[in-house]
Amino acid sequence: MIALVLSAGFGTRFRPATLTTPKPLLPLRGRPILFHLLDHLLAQGAEAFVVNAHHLGEKLHEAVGDSYQGFPVTWSFEDPILGTAGAIRRAAENGLLGGDSFLVVNGDLFTTFGLGKLLGARQEAGVVSALAVVPNEHPDVETPLWADEKGRLTVVGGARPPGATGPWLFTGIQSARKSLLERIPAGVTELAKDVLAPSARAKDGAFALVPYRPPADGLWFDLGTPARLAGAEAALTTS
C-alpha cells in the first residue's frame with residue numbers, strides 16, 4: 001500500500017517559523033508532525049510513501065531522506081505548487097502511485113484512526129475514492145459535506161439537503177482508486193472545488209464518505225493553525 005503524503009504547502013499561518021522550517025517538520029510532542037503521521041500509516045499497513053514537496057522542499061527531503069524506518073520514500077517535487085488534487089495527478093503521471101489504489105493523506109494532521117473501514121469502502125462498487133470524515137461542528141466555517149443514505153457524497157457546502165446525512169468534515173485522509181485521476185483537471189487544482197463539487201453536482205455516487213467519531217474511533221487533529229497545533233499538543237499530553 002502506497003501513501004501519498006501532501007507536504008508542499010507554504011504554512012503561511014505559522015510564519016515566521018515556516019520561513020525556515022517546512023510545516024510538516026514543526027514539532028508535536030518533541031517530534032516532527034510528519035514522523036508521527038508516517039508511523040501511524042506504517043502501523044496501518046503502508047509499505048511505501050510518496051511525499052510531494054514545494055516550499056522548502058530540499059529541507060524536507062534532507063530531514064526524511066529516501067527511506068523511513070526501512071520503507072521507501074519517493075519524492076514528487078512541484079514547481080509551481082499544484083494544489084491538493086493537482087499533487088495527486090502529478091505523482092501519478094510520474095509513475096509513483098503503483099497499482100490500482102493508494103492512500104492520500106494531508107501532511108499536517110495527527111490521527112490514530114484505524115483505516116480498515118476506509119479501505120473497505122473504497123472497494124465498493126462505483127466508488128472512486130473513500131473519504132474519512134468526522135462530524136462537522138462548525139459548518140459555517142469549515143465546508144460541510146453531505147451524503148445520501150448510502151453514504152455517497154451528494155452536496156459540497158451549503159445548508160442540509162432533504163434526507164441528507166451530515167454535516168461532515170473531510171479529515172484529509174482518503175483511499176482512492178486510479179480512476180480518480182480521470183477526474184482531476186490538469187494544472188493547479190483543489191480536491192473540494194475541482195473534483196468533489198463536480199461529482200456532487202452530477203450525483204454520480206463516486207465518493208464514499210466514511211464516518212469516524214473521535215474519540216470512540218480514535219484521535220484526529222487538524223494541525224493547520226498554531227492554535228490547533230497547541231490544542232493537539234495539550235490534548236495528547238493529558239491523554
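Considering every residue within segment 91-107, establish whether at least one is part of a helix (DSSP H, G or I), open to solvent by 30 Å² or more (accessible area, probe 1.4 Å), of a type outside the set (Val, Ile, Thr) and more than 30 Å from Ala235 (Cβ to Cβ). Within segment 91-107 (the criterion being part of a helix (DSSP H, G or I), open to solvent by 30 Å² or more (accessible area, probe 1.4 Å), of a type outside the set (Val, Ile, Thr) and more than 30 Å from Ala235 (Cβ to Cβ)), the answer is yes, since at least one residue qualifies.
Identify, please: which residue in segment 193-209 is in contact with a Gly (Cβ under 7 Å, 6 or more places away or on another chain) and not in a loop (DSSP other than H, G, I, E, B) and is, among those, farthest from Ala235 (Cα to Cα)? Filtering segment 193-209 for residues that are in contact with a Gly (Cβ under 7 Å, 6 or more places away or on another chain) and not in a loop (DSSP other than H, G, I, E, B), the one farthest from Ala235 (Cα to Cα) comes out as Ala208.
Rundown of residues vs (1) in contact with a Phe, Trp or Tyr (Cβ under 6 Å, 6 or more places away or on another chain); (2) small (Gly, Ala, Ser); (3) under 29 Å from Glu78 (Cα atoms), yes/no style:
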residue	(1), (2), (3)
Gly126	no, yes, no
Gly166	yes, yes, no
Thr171	yes, no, yes
Ser179	no, yes, yes
Ile184	no, no, yes
Pro211	no, no, no
Pro215	no, no, no
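Considering segment 147-167, and only residues there that are among the hydrophobic types (A, V, I, L, M, F, W, C) and in contact (Cβ under 8 Å) with a residue 40 or more places away in the chain, the residue that is nearest to Arg122 (Cα to Cα) turns out to be Leu153.
For segment 149-167, the set of residues classified as closer than 16 Å to Pro198 by Cα and either open to solvent by 20 Å² or more (accessible area, probe 1.4 Å) or of a type in the set (D, E, K, R) (or both) consists of Arg152, Thr154, Val155, Val156, Gly158, listed by residue number. Looking across Glu137, Glu182, Glu142, one residue alone is over 28 Å from Leu82 (Cα atoms), modelled with pLDDT under 95 and acidic (Asp, Glu). It is Glu137. Residues that are part of a helix (DSSP H, G or I) and open to solvent by less than 10 Å² (accessible area, probe 1.4 Å) within segment 168-190 comprise just one, Leu180.
Output the residues belonging to segment 65-115 that are without any contact (Cβ under 8 Å) to a residue 24 or more places away in the chain and more than 20 Å from Leu180 (Cα to Cα). The answer is Gly65, Asp66, Ser67, Gly70. Note on segment 1-54: residues that are under 14 Å from the mean Cα position of the chain (by Cα) and polar (S, T, N, Q) total 2.
For segment 138-151, what are the residues that are in contact with a strand residue (DSSP E or B) (Cβ under 6 Å, 6 or more places away or on another chain) and within 14 Å of Phe170 (Cα to Cα)? Pro139, Glu142, Pro144, Leu145, Trp146, Ala147, Gly151, listed by residue number. Here the condition is being buried (at least 20 other Cβ atoms within 10 Å of the Cβ), over 19 Å from Glu190 (Cβ atoms) and in contact (Cβ under 8 Å) with a residue 40 or more places away in the chain; of Leu4, Leu37, it holds for Leu37 alone. Of the set (1) open to solvent by 40 Å² or more (accessible area, probe 1.4 Å); (2) part of a loop (DSSP other than H, G, I, E, B); (3) out of contact with any His (no Cβ under 7 Å at 6 or more places or on another chain), all apply to Phe10 but (3).
The values are calculated or read from the model by the stated rules, or taken from the named source; none is laboratory data. These numbers come from a predicted model, not from an experiment. Positions of Cβ are backbone-derived with ideal geometry, glycine not excepted, and every protein chain shown enters the neighbour counts. For accessibility, only protein heavy atoms count, side chains too; no ligands or nucleic acids. Shrake-Rupley method; radii C 1.70, N 1.55, O 1.52, S 1.80 Å.
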